[in-house]
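The values are calculated or read from the model by the stated rules, or taken from the named source; none is laboratory data. It should be emphasised that the depicted structure is a prediction, and the values quoted were computed from it without experimental measurement. All Cβ positions, even for glycine, are placed from backbone atoms using ideal geometry, and neighbour counts span all protein chains on display.
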Amino acid sequence: MVSALTTRPYGPIPDGGPTGRRASERLVSRSKILTVPNDSASSDVSHYTAASGRRGMSTNKKLIETHLATTDKSKLGSLLADDVEWVEWGDGVSASGAITRGKEAFIKNYGDDELRDEIHRLTEENNVVVAEGTAHVTKKDGSTLSVRYVDIFELENGKIKRKHSFGALIKGPA
């Protein structure tokens, strides 16, 4: 059974952040470790690790792979358009979504929890890349949670221009 992230009982991050939610509540698509299960039968699924990459992957997919594998927030800026927009969706979010605008706010919204993403599929059409996966979060207090997500990235001039994040908290073992 899944429950939307925004229904979890966490308070705001100390400074309130752009959305007033803890980093672990945000629909996550960043990681300390990037892994992909190798048992999928789908030919669409990208089988790679952050260290190895994948030959034949498009420039757009490589950009998103880099974004998902980035552990150093100072390196995120080079992947983002100056006027980047991040819209997060989940139960309890307003009809317009929880919106973060601008490179600096995007990076701040990224959070500090330890994250590990499992990318299940990257799909591309023109300037849009869709990433489906599961993010495993380890919070500073040692507690963990997992989120199944879909992130839709719109790219412009080799940068992330817009990111729409949809996710649900996984209850029980992930």
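Brief remarks follow.
- Take the conditions (1) aliphatic (A, V, I, L, M); (2) crowded, with 18+ Cβ neighbours inside 10 Å; (3) at pLDDT 95 or above; (4) more than 14 Å from the chain's Cα centre (by Cα); Val129 misses just one of them, which is (4).
- Within region 71-119, the set of residues being within 21 Å of Val130 (Cα to Cα), part of a helix (DSSP H, G or I) and among the small types (Gly, Ala, Ser) comprises Gly77, Ser78.
- Of all residues in region 74-96, those satisfying the criterion of being out of contact with any helix residue (DSSP H, G or I) (no Cβ under 7 Å at 6 or more places or on another chain) and either surrounded by 18 or more Cβ atoms within 10 Å (Cβ to Cβ) or within 23 Å of Gly158 (Cα to Cα) (or both) are Ser74, Lys75, Ser78, Ala81, Asp83, Glu85, Val87, Glu88, Trp89.
- In region 48-59, residue modelled with the highest pLDDT [restricted to those that are of a type outside the set (A, V, I, L, M) and either crowded, with 19+ Cβ neighbours inside 10 Å or assigned to a loop (DSSP other than H, G, I, E, B) (or both)]: Ser58
- Which numbered condition Lys139 fails, given (1) closer than 22 Å to Gly92 by Cα; (2) touching an Asp or Glu at 6+ places or on another chain (Cβ under 7 Å): (1)
- Residue count for region 132-174, restricted to those that are at pLDDT 95 or above, crowded, with 16+ Cβ neighbours inside 10 Å and assigned to a loop (DSSP other than H, G, I, E, B): 0
- Odd one out for Ser143 among (1) without any contact (Cβ under 8 Å) to a residue 12 or more places away in the chain; (2) in contact with a strand residue (DSSP E or B) (Cβ under 7 Å, 6 or more places away or on another chain): (2)
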